[in-house]
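Trainee: Questions regarding the structure given below will be posed in turn.
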Amino acid sequence: MELPLNGSNGELRHRNVATNGNGKSAVTDEGRKMDELLDNHQTYEFGGPWGVTAMMIGFPILMYYLWICLWFYDGKVVYPTSTEDIMPFLNRMWVHVRDDASPNAYAWKVYSGLFFYQLFLAIVMPGYQQEGLPVPSLGYKTLMYNCNAAYCLYATIVTAAGLHYYHIFRLTEIIDNYGHIMSVAMIYGFAWSFGMYFLTVATGNQIRMSGNFIYDVFMGACLNPRIGSVDLKMWAEVRIPWVIVFFLAVSGGCHQYEQYGYVTPNMAFMILATWLYFNACAKGEECIPQTWDMYYEKWGFMVIFWNFAGVPFTYVYSVVYMASHDPETYRFSTPTYVFLFTLLLSAYYIWDTSMSQKSRFKMQCQGMTEFRKTFPQLPGGTIQDPEYIQTSHGNKLLISGWWRYSRKPNYVADWVMSFCWGVIIGNATIIPYFYSVFFITVLVHRCGRDFERCSIKYGKDWERYCSIVKYKFIPGVY
Ligand code: NDP
């Protein structure tokens with residue numbers, strides 16, 4: 001039974017969140033109008049065509065630059081010391097890219113091997129069947145998602161261990177060939193972005209287009225591209241970036257073990273941190289269809305390049321540094337290690353359970369009451385009697401659990417984890433802090449885009465929601 005406090009839209013409600021009895025969320029006529037409005041190109045984001053062009057050129061340059069500083073200059077930020085030094089400096093940079101990051105045959109084999117093995121596993125492995133949210137762009141049709149990332153994760157770990165043990169592919173080779181593999185990853189990112197754009201336009205499946213070629217390549221043309229049961233966008237979000245990030249950390253651990261006969265607590269921290277992230281995406285994969293990346297964001301350069309190349313090759317610079325430097329340069333005291341591990345695990349707990357609370361709330365709204373039980377299921381991931389705001393759009397906004405404290409508790413926790421991935425190196429080099437600095441920019445910008453969309457979609461109900469849940473990120477602060 002539903003318990004309206006006052007009966008009208010925009011009021012607080014709780015219990016029995018499924019509203020229309022048929023397992024689908026009840027979008028009202030007013031809500032459909034808003035969804036239709038949002039499903040057209042509104043305004044240019046990211047600085048429009050010029051802004052996205054700058055990013056498409058700037059991202060790869062930045063990735064090469066940071067890697068060169070880390071790899072060849074001991075983690076120091078290098079730059080030309082005089083105007084006469086600009087050309088020699090650029091030449092030195094270019095020589096590193098040409099000689100040490102060439103997309104050679106070996107790198108193609110390694111990256112493509114992982115890429116197609118992940119695709120193969122995604123196609124053949126059995127998985128948990130999850131119904132996505134009704135997609136406005138598809139006339140409120142829901143899509144089924146074959147969530148088999150957890151099985152694929154364990155199959156990948158067993159395969160990698162076998163390849164390493166039998167010397168077929170030593171995991172240390174990932175870090176040894178970092179520059180070369182990164183270049184191949186970037187080529188994949190560009191090729192898939194342009195390829196998907198042309199394929200989508202050729203088959204007439206494009207949506208929400210601006211009409212500007214480069215901008216549409218950046219934002220994407222298609223919403224839910226699929227190969228059979230594999231949703232490519234969801235597959236690429238989990239199986240490529242977080243697999244590589246995890247195996248880079250393992251590669252770093254193997255390096256240390258071979259060199260010193262032990263793995264430092266800092267490296268163990270990174271292996272744990274990357275495994276937690278990867279495992280969370282896999283064990284909670286059925287929660288991903290409830291995110292706006294799946295039902296709203298298109299599959300363009302912004303997502304493709306970042307999944308195929310950006311995340312894997314910019315998030316774990318600390319591992320790359322540790323794999324090639326004396327552990328004395330980043331050793332901490334025992335209380336500091338205890339503090340950092342506690343901070344990481346606490347942030348992980350909040351991130352995992354907050355994401356789970358909102359996703360499961362949305363599933364409850366679709367009439368689902370049974371949830372998947374994968375390892376580890378943390379206490380507090382499901383709210384039994386959630387409080388929410390019923391909007392006149394038809395959707396409901398959760399105001400219980402972590403979501404009573406701020407509108408993006410998941411961002412705060414996710415950012416703290418990203419900071420931990422850098423702080424584990426102390427002050428040995430600042431390059432590993434790139435992830436947390438970049439990430440806070442992404443999160444603030446993403447939050448702005450998201451809230452703008454929500455304020456159009458929910459109008460006065462969004463204002464009411466913001467008056468109840470006052471803070472964006474940290475209660476009492478911001
Ligand atoms: P989500 O889709 O999970 O959340 C945003 C959407 O949820 C909103 O658009 C709105 O959609 C709905 N919503 C917002 N508030 C509420 C509420 N109180 N109750 C019910 N529905 C609500 O996307 P996020 O960006 O928030 O989360 C994705 C996760 O991915 C985050 O943890 C983020 O940190 C992570 N991430 C990680 C990156 C990385 O590189 N490591 C990069 C980007 C993201 P609607 O109402 O239309 O359903």
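The values are calculated or read from the model by the stated rules, or taken from the named source; none is laboratory data. This is a predicted model, so every value here is computed, not measured. We place every Cβ from the backbone using ideal geometry, glycine too, and count neighbours over all the protein chains shown. Quick note on the areas: whole protein, heavy atoms, side chains included, nothing else; ligands and nucleic acids left out. Shrake-Rupley method; radii C 1.70, N 1.55, O 1.52, S 1.80 Å.
Trainee: Determine, yes or no, whether Ser333 is under 24 Å from Thr441 (Cα atoms) and away from the ligand (no atom under 11 Å from the Cβ).
Mentor: So Ser333 fails the test.
Trainee: Which of the residues that make up the range 197-218 are assigned to a helix (DSSP H, G or I) and either open to solvent by 70 Å² or more (accessible area, probe 1.4 Å) or out of contact with any Cys (no Cβ under 7 Å at 6 or more places or on another chain) (or both)?
Mentor: Scanning the range 197-218 gives Tyr197, Phe198, Leu199, Val201, Ala202, Phe213, Ile214, Tyr215, Asp216, Val217, Phe218.
Trainee: What number of residues in the range 37-54 are assigned to a helix (DSSP H, G or I), closer than 19 Å to Asp450 by Cβ and touching a residue at least 40 places away in the same chain (Cβ under 8 Å)?
Mentor: Of the residues in the range 37-54, 3 are assigned to a helix (DSSP H, G or I), closer than 19 Å to Asp450 by Cβ and touching a residue at least 40 places away in the same chain (Cβ under 8 Å).
Trainee: While we're here: Scanning the range 391-416 for residues that are within 20 Å of Gly476 (Cβ to Cβ) and more than 19 Å from the chain's Cα centre (by Cα), which turns out most open to solvent (accessible area, probe 1.4 Å)?
Mentor: Arg404
Trainee: Find all pairs meeting these conditions: Cβ atoms under 6 angstrom apart; at least six residues apart or on different chains; first residue within the range 391-416 and touching a residue at least 12 places away in the same chain (Cβ under 8 Å) and more than 9 Å from the ligand (Cβ to nearest atom); second residue small (Gly, Ala, Ser) and assigned to a loop (DSSP other than H, G, I, E, B).
Mentor: As it stands, the answer is Gly394/Ala26, since those pairs meet every condition given.
Trainee: Right, something else. Quick one: how many residues across the range 86-102 are over 19 Å from Val320 (Cβ atoms) and open to solvent by 30 Å² or more (accessible area, probe 1.4 Å)?
Mentor: Matching residues across the range 86-102 total 9.
Trainee: Please find, among Asn212, Asn266, the residue that is away from the ligand (no atom under 15 Å from the Cβ), more than 27 Å from Ala347 (Cα to Cα) and polar (S, T, N, Q).
Mentor: Criteria check complete, one pass: Asn212.
Trainee: Now for a separate question. Please enumerate the residues belonging to the range 423-450 that are open to solvent by less than 20 Å² (accessible area, probe 1.4 Å) and over 16 Å from Gly310 (Cβ atoms).
Mentor: Ile424, Ile425, Gly426, Thr429, Cys447, Asp450
Trainee: Right, something else. Among what's in the range 269-306 and is away from the ligand (no atom under 11 Å from the Cβ) and among the acidic types (Asp, Glu), pick the residue that is modelled with the highest pLDDT.
Mentor: Checking each candidate, the answer is Glu285.
Trainee: Okay, moving on. Taking the range 36-85 only, how many residues are β-branched (Val, Ile, Thr) and open to solvent by 70 Å² or more (accessible area, probe 1.4 Å)?
Mentor: 5
Trainee: Further question on the same structure: Just to be sure I understand the filter: pairs with C-beta atoms under 8 Å, separated by 6 or more residues or on different chains, first member in the range 85-101 and over 12 Å from His180 (Cβ atoms), second member surrounded by fewer than 11 Cβ atoms within 10 Å (Cβ to Cβ) and not hydrophobic (A, V, I, L, M, F, W, C). Which pairs pass?
Mentor: Phe89/Tyr79
Trainee: Within 16 Å of Ile181 (Cα to Cα) and touching a His at 6+ places or on another chain (Cβ under 7 Å): is that true of Ala105 in this structure?
Mentor: Judged against the criteria, Ala105 is not a match.
Trainee: Follow-up. So how many residues does the range 224-246 have that are open to solvent by 20 Å² or more (accessible area, probe 1.4 Å) and in a helix (DSSP H, G or I)?
Mentor: Qualifying residue count, the range 224-246: 2.
Trainee: Ok, one more. Residue by residue through the range 434-460, note down the ones that are in contact with a Gly (Cβ under 7 Å, 6 or more places away or on another chain) and more than 10 Å from the ligand (Cβ to nearest atom).
Mentor: Selection gives Ser436, Lys460.
Every residue, every condition in (1) within 21 Å of Ala413 (Cβ to Cβ); (2) among the aliphatic types (A, V, I, L, M), yes or no:
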residue	(1), (2)
Val319	no, yes
Met322	no, yes
Glu328	no, no
Ser359	yes, no
Gln364	no, no
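Trainee: Turning to a different aspect of this structure: Step by step: first the residues of the range 357-378, then only those that are assigned to a helix (DSSP H, G or I) and open to solvent by less than 10 Å² (accessible area, probe 1.4 Å), then the one that is farthest from the ligand (Cβ to nearest atom). Which residue is that?
Mentor: Filtering first and then ranking leaves Met363.
Trainee: Another one. If you take the residues in the range 379-390 that are open to solvent by 20 Å² or more (accessible area, probe 1.4 Å) and either of a type in the set (S, T, N, Q) or outside any strand (DSSP E or B) (or both), which one is farthest from the ligand (Cβ to nearest atom)?
Mentor: Pro379
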